[in-house]
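Undergrad: This is the structure I want to talk about, given as structure tokens.
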Amino acid sequence: MNLKERLTGVLQPFIGPDVDIRWSVPKHVAQGDLSTNAAMIVAKRAGQNPRELAQKIVDAIDLDTFGLEKAEVAGPGFVNVWI
């Protein structure tokens, strides 16, 4: 299982099993190595604030388990991670 798949597993409880979570490589290195807008996609449907949902996701990511430098919320609710 690759890193994107493992991180997606962490997101699923917050996002739901019916959402296709996509990770992308940001255009700017300052935005991390991987990014997802999954929290913004489901926030309205879930009746949640996208930044708050993204923060819950970030808080659930164990950096050591995934070998990550950091994970953070950016903008309106992106989740960015640095490897």
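The values are calculated or read from the model by the stated rules, or taken from the named source; none is laboratory data. Not measured: the values here are computed from a predicted model. Neighbour counts run over all protein chains shown; Cβ positions are idealised from the backbone, glycine included. These accessible areas exclude ligands, DNA and RNA; they are computed on the full protein's heavy atoms, side chains included. Shrake-Rupley method; radii C 1.70, N 1.55, O 1.52, S 1.80 Å.
Undergrad: Can you give the calculated 222 nm mean residue ellipticity of the chain, where each DSSP H run of n ≥ 4 adds -39,500 (n - 2.57) and the sum is split over every residue, rounded to the nearest 500 deg cm²/dmol?
TA: Counting only the DSSP helices, I get -12500 deg cm²/dmol.
Undergrad: OK, next. So with the 1.4 Å probe, I'd like the accessible area per residue for segment 1-65, rounded to whole Å².
TA: For segment 1-65, the per-residue accessible area is 64 Å².
Undergrad: Which semi-axes, in whole Å and largest first, does the equivalent ellipsoid of the chain have when worked out from the alpha carbon gyration tensor as the square roots of 5 times its eigenvalues?
TA: 19, 14, 11
Undergrad: On the protein heavy atoms, probe 1.4 angstrom, tell me the percent of accessible surface of the chain carried by carbon and sulfur.
TA: Roughly 52 percent of what the probe reaches on the chain is carbon or sulfur.
Undergrad: Can you work out ³J(HN,Hα) from phi for every residue in segment 6-12, in order, using Karplus 6.51 cos²θ - 1.76 cosθ + 1.60 and θ = phi - 60°, giving whole Hz and x for Gly and Pro?
TA: Residue by residue, segment 6-12 yields 5, 5, 4, x, 5, 6, 3 Hz.
Undergrad: Can you check how the C-alpha radius of gyration of segment 1-46 compares to 2.2 N^0.38 Å, as a plain ratio?
TA: 1.19
Undergrad: Highest mean first, what order results for 47-54, 64-71, 28-35, 75-82 on Cβ atoms within 10 Å?
TA: 75-82, 47-54, 28-35, 64-71
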